[in-house]
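The values are calculated or read from the model by the stated rules, or taken from the named source; none is laboratory data. Since this is a predicted model, take the numbers as computed values, not measurements. For neighbour counting, all protein chains shown are included, and Cβ atoms are generated from backbone atoms with ideal geometry for every residue, glycine included.
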Amino acid sequence: MPRVALPDRAGRFGAPLGIGVAVIYMSIIVLIPFAALIQGSFDNGLDGFWTTITNERALTSLKLTVGVSLVVVAINAVMGTVIAWVLVRDRFPGKAVVNALIDLPFALPTIVAGVTLLAIYGPGSPVGVNLAFTRAGVCVALLLVTLPFVVRAVQPVLIEMDQEMEEAAASLGATPLVTFRRIILPNLVPAILGGVGLAFARALGEFGSLVLIAGTLDTKVSSLYIIELIEGDKPGSAAAISVTLLAISLASLLLLSAAERWGSRHAR
Amino acid sequence: MPADPPAVSRASRVGLRTVALVYLFVLLMAPLGLVFYRAFENGFGPFWEAVTTDAALNALKLTIIITVIAVPLNAVFGVMAALILVRRRVPARPLVSALIDLPLALSPVVVGLCIILVWGPDDWLGRFASDAGIQVIFALPGMVLATVFVCLPFVVREVVPVLREVGTEQEEAATTLGATGPQTFWRITLPAIRWGVIYGVVLTTARALGEYGAVAVVSSRVSGQSETLTLFVKQQYDQLGDEAQIGAYGASVVLLVLAISVVLLMNLLNRTGGGSHGDHR
């Protein structure tokens, strides 16, 4: 629905004083610290920035971070869609509880997620699986914290989606697989991509759930490498890696929203 | 809901259901169940002792102090920012929106680093604070600033869509009838957006209670002094010995129960508030 920009009358509480306070608050809390981060990353000039992020350990950590995040979102895309489908189109006792449980990773403190996973898949595991300090462990932790993104993106679309189309396809002799590929999936792709983008951004920066599970050389993702640099009193280098990580995250979000737009233009 | 989804055979429906439930069980339910089991393995007594040690109680106190400061600040800012974004002509609105969402795109560790870079005793804002004799980094103010930073977007994001949806007719009517700005706000606007505000506050509270990375960077991590509950969990987990293990699992269970309450509350609010909140990020 179109919203016309209002004259001052109705929105008087957004008066200049309010705008001023909001701008100052926003600046002190977010903008100035963020500017300091950007500046800090160029402490040693452009060259310094480049040397820092192309240093072998930095590159290893960035590659690892992007790699595990890609694996994690690929699994999320499939499992998230399956879970969303089951929650919308299936019926079984306890469904409401399962549905509510999906949100838990959003509310769960990340360090608790780490402790939780290590309790069962760590040293002294009752099921005999020890994923501590392995890349598989990193993936499992990331899968847990990013679980809700795809599910919650796909679910509303499935609810809105007309079941008649699926039924028509089925009555015309389409197998379930064909119905899924030709009817359901094309309608879900934008939502899946949206969820995947958010999950990817989250996975790139994740720290709390990994701090107990990762940390050895071949599991040191970028957030852990940044902490190492901060604790080694190299805030400038830490800032350079941080800015690179943010750039990767923003670039992937832009790429995905472009793909989403392209997809929705060509879907019809 | 139709009686039976006919497009998919019963077998594949049960198959998909099994896959989804097994996945959720392995990833979520079994690990959570085991933490509860570990915390209460030796009965309620040891659990209670572990979560009522001085260090644990101090951690809980610090977490509550930080939350009690961060949540109201962000609630007030969130409502103000949403009103400005929706009801005012804002130059470069998409950019402003993106900047408000920035904390969601940053790693918590990076948020902590931002605070260090700007509030260090010789840095941009830290200079003024240290002139005034206030230590920010490795002290309570830094931990509060980190938490406020991380939680900034939640209320704004929840209130903006609600504010768009309620429109301005009622506010205009109130103004026409002679209501002052504050009267219109308290009597018309705030009641109309209350569910959005409450929902945002719940999300903010959950994040403030559970934040680890950003706070870990700016805390001096002295047990019993500058440890929040999440830092306490980490510190206990790193220690060897059964007592520390119970401490880690016990504090985890406390945070877990809080998280579960938040999820239940969110579900309740979704039902009461008309379910307009599709995505809570």
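A few notes on this one:
- Look at (1) at pLDDT below 95; (2) under 24 Å from the mean Cα position of the chain (by Cα) and you find that B:LEU16 fails only one, number (2).
- Within the stretch A:103-129, residues that are closer than 15 Å to B:PHE36 by Cα and at the interface with another protein chain (Cβ under 7 Å from one of its Cβ atoms) have Cβ atoms under 7 Å from residues that are basic (Lys, Arg) and surrounded by fewer than 24 Cβ atoms within 10 Å (Cβ to Cβ) in these pairs: A:ALA119/B:ARG38, counting only partners at least 6 apart in sequence or on another chain.
Let's see how each residue does on (1) of a type in the set (Val, Ile, Thr); (2) under 27 Å from B:VAL110 (Cβ atoms); (3) modelled with pLDDT under 90:
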position	(1), (2), (3)
B:LEU209	no, yes, no
B:GLN225	no, yes, yes
B:TYR249	no, no, no
B:SER252	no, yes, no
B:ILE260	yes, no, no
B:GLY278	no, no, yes
B:ARG281	no, yes, yes
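- Count - residues of the stretch B:158-189 that are of a type outside the set (A, V, I, L, M, F, W, C) and outside any helix (DSSP H, G or I): 4
- Test: residue in the stretch A:53-61 that is at negative phi, at the interface with chain B (Cβ under 10 Å from one of its Cβ atoms) and either modelled with pLDDT of 95 or more or surrounded by fewer than 22 Cβ atoms within 10 Å (Cβ to Cβ) (or both): no
- Of the residues making up the stretch B:141-165, those that are surrounded by fewer than 18 Cβ atoms within 10 Å (Cβ to Cβ) and within 11 Å of chain A (Cβ to nearest Cβ) number 2.
- Hits in the stretch B:191-206 - residues which are touching a residue at least 60 places away in the same chain (Cβ under 8 Å) and not small (Gly, Ala, Ser): B:ILE193, B:TRP195, B:VAL197, B:ILE198, B:TYR199, B:VAL201, B:VAL202, B:LEU203, B:THR204, B:THR205
- Hey, A:VAL154 crowded, with 21+ Cβ neighbours inside 10 Å and assigned to a helix (DSSP H, G or I) or not: yes
- Within the stretch B:79-91, residues that are more than 9 Å from chain A (Cβ to nearest Cβ) and in contact (Cβ under 8 Å) with a residue 12 or more places away in the chain sit with their Cβ atoms under 9 Å from residues that are of a type in the set (Lys, Arg) and crowded, with 21+ Cβ neighbours inside 10 Å, at 6+ positions apart or across chains, in these pairs: B:ALA82/B:ARG157.
- Among the candidates B:GLN239, B:GLN225, residue that is without any contact (Cβ under 8 Å) to a residue 40 or more places away in the chain, more than 10 Å from every other protein chain (Cβ to nearest Cβ) and more than 17 Å from the chain's Cα centre (by Cα): B:GLN239
- Of all the listed residues (A:ALA238, A:ALA251, A:ALA259), the sole one being surrounded by 23 or more Cβ atoms within 10 Å (Cβ to Cβ) and part of a helix (DSSP H, G or I) is A:ALA238.
- Note on the stretch B:169-200: among residues that are in contact with a Phe, Trp or Tyr (Cβ under 8 Å, 6 or more places away or on another chain) and crowded, with 17+ Cβ neighbours inside 10 Å, the one that is nearest to B:PHE154 (Cα to Cα) is B:GLY200.
- The single condition among (1) under 26 Å from B:ALA81 (Cα atoms); (2) away from chain A (no Cβ under 11 Å) that B:PHE138 does not meet is (1).
- Which listed residue, of A:LEU185, A:LEU212, is more than 30 Å from A:SER125 (Cβ to Cβ) and in the same structural domain as A:VAL72 (by TED's automatic domain parsing): A:LEU185
- Residues that are without any contact (Cβ under 8 Å) to a residue 40 or more places away in the chain and of a type outside the set (Val, Ile, Thr), drawn from the stretch A:21-38: A:ALA22, A:TYR25, A:MET26, A:SER27, A:LEU31, A:PRO33, A:PHE34, A:ALA35, A:ALA36
- In the stretch B:37-52 there is no residue that is at the interface with chain A (Cβ under 7 Å from one of its Cβ atoms) and either without any contact (Cβ under 8 Å) to a residue 60 or more places away in the chain or under 24 Å from the mean Cα position of the chain (by Cα) (or both).
- Consider the stretch A:212-224 and keep the residues that are in contact with a Lys or Arg (Cβ under 9 Å, 6 or more places away or on another chain) and either surrounded by fewer than 23 Cβ atoms within 10 Å (Cβ to Cβ) or of a type in the set (Gly, Ala, Ser) (or both). The one that is modelled with the lowest pLDDT is A:LEU217.
- Hey, B:ALA50 crowded, with 21+ Cβ neighbours inside 10 Å and assigned to a helix (DSSP H, G or I) or not: yes
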